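J.: Could you have a look at this structure, given as structure tokens, before my questions?
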Amino acid sequence: MKLLKFTAAVTAVSVLTGCSFGSSIDTLMTPPKLSVEQEQIYNALTDAAGASISLKYPKSGSYLSAFIVEDIDGDGGDEAVVFYEKTGLTVEENTLRINILDQSDGSWRSVCDTPANGSEIEKVMISKLGSNDRINLIIGSSLINRSEKTVTVYSYNDGSIENTFSSSYSFIDVTDLDKDSENEFLLLAAQASGAPALAQAYKLDNDGKYHQYSRELSGSFTEFDSLVYGEIGGGRTGLYIDAVSGAGMIQTDIIYMDSSGVNKVFSTPEESFSTVRPSGCNSYDIDGDGILEIPVQTISPGYEDVSESEQMKITDWLYVDDENKLKQKYSSYYSITDGYIFIFPESWHNRVTVQRDAINDEIVFCAYEDGKTGRELLRIYCAGDSASREDRISSGYMLMHTKGESAYLAYIPPYTENDALDGLSLTTGDAAVCFKLKK
């Protein structure tokens, strides 16, 4: 939609001005305005590399500028790292370049220039690794389609840059996963060309040697959907890996690190496979305690004998205990489409089913006992405009949350003293506490 609006705007301008737009879209975009220091660095770069260049900006991470000014050799003074593309090179030469500039008497000058892998800068990290005091310039790059990625670790010293490590990757990060106060370089590689999906961690010793710790992941993962750090049992930090595991499905693997190296929570592929669920059900810290829960779906009571397309699902939220076992923490209804979760009160467990009221576009929670659906306990409606929101509120619905134009409303039907004997009735306070809007 944004592209359509932009195209329409360009067309309108061309009609109004009578101009012909024969150039590429890149020439229509105004580059970010450079600071005074960046202008000085850029002028020094063009003095060394020529004017036929274009700056390249990292796609993700903490460093999103084509200019990085930081001390990368530990001498106490800042250097400048600039990513750019050079035109007019031979076919054998890579057009993506890294230039390092240093200051002398207050002026910037280019001291080092080297080709980079690929055609795009994906991510840049600058960090020490392991026990070594060396500062590492870690650059992830990709081909133009961004499907094939390569990470290279550089060391810069005395005006020269050295490639100390290079590998293909799907995910990279620098983190202290084992909590030993030293950073590791973490790399995930998807399954490719017969090689299994791997998690690898690298430490750098005082002699500059990389120590690799590797663990094969639990599935034939060709793509990673979501990667989030969170606590697991025993006070450990884990990386929750939600990986693509077949058409429209994802599966979770969790890695952590201790003195023995990289380890997995799930000792067998079958344990990890038990977490398979539809895409969009990512691991999530549902209660804000720092421990992520894994959402796994089960069939709502009463829908066991209907076709899968007509089934309603209940989502159980599982956590990892001290013995690496999955335990249920909550049961809920989870609307992936509308982005909300309603956690069941304890009294509802195995005693409530979920229905869809297609006419009113509402989710209905009902008592369920001895194979029979009982009274309504709650209705939830997502209003997409103010008119439908106000209509529901005037009918006795309570406003739970708003997000943009959407409003989430709930209705608790009146109940009698006899109804209350089953222990399933909700108060408005109960409903408010149990409703979660997924961030």
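J.: Could you count how many residues in the stretch 233-249 are at pLDDT 95 or above and of a type in the set (A, V, I, L, M)?
T.: Adding up the residues that qualify gives 3.
J.: Considering only strands (runs of 3 or more DSSP E) fully contained in the stretch 168-257, which possess at least 2 residues that are among the polar types (S, T, N, Q), in contact (Cβ under 8 Å) with a residue 12 or more places away in the chain and open to solvent by 50 Å² or more (accessible area, probe 1.4 Å)?
T.: 210-216
J.: Considering only residues that are more than 16 Å from the chain's Cα centre (by Cα) and not charged (D, E, K, R), which ones fall in the stretch 176-188?
T.: Leu177, Ser181, Asn183, Phe185
J.: Another one. Within the group Thr427, Thr373, Thr416, which residue is touching a strand residue (DSSP E or B) at 6+ places or on another chain (Cβ under 9 Å) and of a type outside the set (A, V, I, L, M)?
T.: It is Thr373.
J.: Same structure again: For the stretch 120-137, which positions are within 22 Å of Thr95 (Cβ to Cβ) and touching a Ser or Thr at 6+ places or on another chain (Cβ under 7 Å)?
T.: Residues satisfying the conditions are Glu120, Ile121, Glu122, Lys123.
J.: Only one of Val306, Val296, Val352 is in contact with a strand residue (DSSP E or B) (Cβ under 7 Å, 6 or more places away or on another chain) and over 20 Å from Gly280 (Cβ atoms). Can you tell me which?
T.: Result: Val352 is the single residue among Val306, Val296, Val352 that is in contact with a strand residue (DSSP E or B) (Cβ under 7 Å, 6 or more places away or on another chain) and over 20 Å from Gly280 (Cβ atoms).
J.: Right, another one. Please return the ranges of strands (runs of 3 or more DSSP E) entirely within the stretch 53-156 where 1 or more residues are in contact with a Pro (Cβ under 8 Å, 6 or more places away or on another chain).
T.: Strands (runs of 3 or more DSSP E) meeting the threshold: 53-55, 79-86, 96-104, 120-127.
J.: Does Glu270 fit the bill of being in a strand (DSSP E or B), surrounded by fewer than 19 Cβ atoms within 10 Å (Cβ to Cβ) and among the charged types (D, E, K, R)?
T.: No: the conditions fail for Glu270.
J.: For the stretch 179-196, name all the residues that are under 22 Å from Ser260 (Cβ atoms) and out of contact with any Ser or Thr (no Cβ under 7 Å at 6 or more places or on another chain).
T.: Scanning the stretch 179-196 gives Asp180, Ser181, Phe185, Pro196.
J.: Something else about it: So is Ala44 among the small types (Gly, Ala, Ser), crowded, with 16+ Cβ neighbours inside 10 Å, more than 15 Å from Ile161 (Cβ to Cβ) and touching a strand residue (DSSP E or B) at 6+ places or on another chain (Cβ under 7 Å) or not?
T.: yes
J.: In this structure, does Glu376 turn out to be surrounded by fewer than 19 Cβ atoms within 10 Å (Cβ to Cβ) and more than 22 Å from Ala407 (Cβ to Cβ)?
T.: no
J.: Filter the stretch 286-308 down to the residues that are surrounded by fewer than 16 Cβ atoms within 10 Å (Cβ to Cβ) and either of a type in the set (Lys, Arg) or part of a loop (DSSP other than H, G, I, E, B) (or both) and list them by number.
T.: Listed by number, the residues that qualify are Asp287, Gly288, Asp289, Gly290, Glu304, Asp305, Val306, Ser307.
J.: Return the pairs, sorted by first residue and then second, in which the second residue is assigned to a loop (DSSP other than H, G, I, E, B) and of a type outside the set (Val, Ile, Thr), the first residue lies in the stretch 334-352 and is open to solvent by less than 60 Å² (accessible area, probe 1.4 Å), the beta carbons are less than 6 Å apart, and the residues are 6+ apart or on different chains.
T.: Here the result reads Gly339/Lys438; Ser347/Gly423; Ser347/Leu424, each pair linking the stretch 334-352 to a residue that is assigned to a loop (DSSP other than H, G, I, E, B) and of a type outside the set (Val, Ile, Thr).
J.: Given the conditions (1) open to solvent by 40 Å² or more (accessible area, probe 1.4 Å); (2) over 26 Å from Val151 (Cβ atoms); (3) of a type in the set (Val, Ile, Thr); (4) at pLDDT below 60, and given that Val10 satisfies all but one, which numbered condition is not satisfied?
T.: Here Val10 meets the rest and fails (1).
J.: Report, by residue number, each residue of the stretch 268-298 that is in contact (Cβ under 8 Å) with a residue 60 or more places away in the chain and either closer than 17 Å to Asn324 by Cα or over 19 Å from the mean Cα position of the chain (by Cα) (or both).
T.: Listed by number, the residues that qualify are Gly290, Ile291, Leu292.
The values are calculated or read from the model by the stated rules, or taken from the named source; none is laboratory data. Small disclaimer: the values here were computed from a predicted structure and weren't measured. Here Cβ is always computed from backbone atoms with ideal geometry, including for glycine, and neighbour counts include all displayed protein chains. Heads up: the accessible areas ignore ligands, DNA and RNA and are worked out on the full protein's heavy atoms, side chains in. Shrake-Rupley method; radii C 1.70, N 1.55, O 1.52, S 1.80 Å.
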